[in-house]
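Have a look at the structure below before the remarks.
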Amino acid sequence: MTDTLERNAKFQIGQVVKHRLYPFRGVIFDVDPTFANTEEWLEAIPENLRPKRDQPFYYLLAENTESYYEAYVSEQNLLPDDSGKAIGHPQITDYFGELNNGFYSLKSSNTLN
């Protein structure tokens, strides 16, 4: 094996986070231990803002003041969202239950659509 380095994600599924640079927030619903998106996606980011590949990347049910969407964000660009405010994304209830102290509880797998 050439790479036995184990990765530990800083954030958890169900955690409410916000972007470090852009005005959006969301709840994490999945994580990749390292970059697993397309080269086109990565190249579309300006070079001076392009995240390192060798870090966890998180899938968010995200929101800003205008819309709801899914986002793929590097660990270096996320911060915990300590606002205590719920995420309004319409798919929240597909994955999660109650919000408590910045974390949504996961629904059990047999209740997912």
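Coordinate-derived values only; no laboratory data. No experiment lies behind these values; they were computed from the predicted model shown. Please note: Cβ atoms are built from the backbone with ideal geometry, for glycine as well, and neighbour counts cover all protein chains shown.
Here are the numbers for the structure shown:
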{"item": "Among PRO51, PRO33, PRO90: highest mean-square fluctuation, GNM of the chain, C-alpha pairs under 10 Å", "result": "PRO90"}
{"item": "Neighbour net charge for GLU39 - beta-carbon separation under 14 angstrom, K R +1, D E -1", "result": "-1"}
{"item": "Fewest-first ranking of LEU21, LEU42, using other Cβ atoms within 10 Å as the exposure measure", "result": "LEU21, LEU42"}
{"item": "Rounded to whole Å, sorted largest first: equivalent-ellipsoid semi-axes of the chain, Cα gyration tensor", "result": "24, 18, 13"}
{"item": "Local net charge near ASP81, Cβ-Cβ under 15 Å (Lys/Arg +1, Asp/Glu -1)", "result": "+2"}
{"item": "Order of LYS85, LYS18 - criterion: other Cβ atoms within 10 Å of each residue's Cβ, fewest first", "result": "LYS85, LYS18"}
{"item": "Listed residues GLU39, GLU98, GLU70, most fluctuating in the chain (Gaussian network, C-alpha, under 10 Å)", "result": "GLU39"}
{"item": "Selected from TYR59, ASN8, PHE35, residue furthest toward positive end of dipole (the chain; charges at beta carbon)", "result": "ASN8"}
{"item": "Local net charge near ARG20, Cβ-Cβ under 13 Å (Lys/Arg +1, Asp/Glu -1)", "result": "+1"}
{"item": "Calculated FRET efficiency for the pair GLN91/ALA36, C-beta based, R₀ 30 Å, to 0.05", "result": "0.90"}
{"item": "Spin-label pair TYR22/GLU66, simplified geometry with 7 Å Cα→Cβ offset, distance in nm", "result": "1.1 nm"}
{"item": "Gaussian network model of the chain, Cα within-10 Å springs - most flexible of ASN48, ASN77, ASN64", "result": "ASN48"}
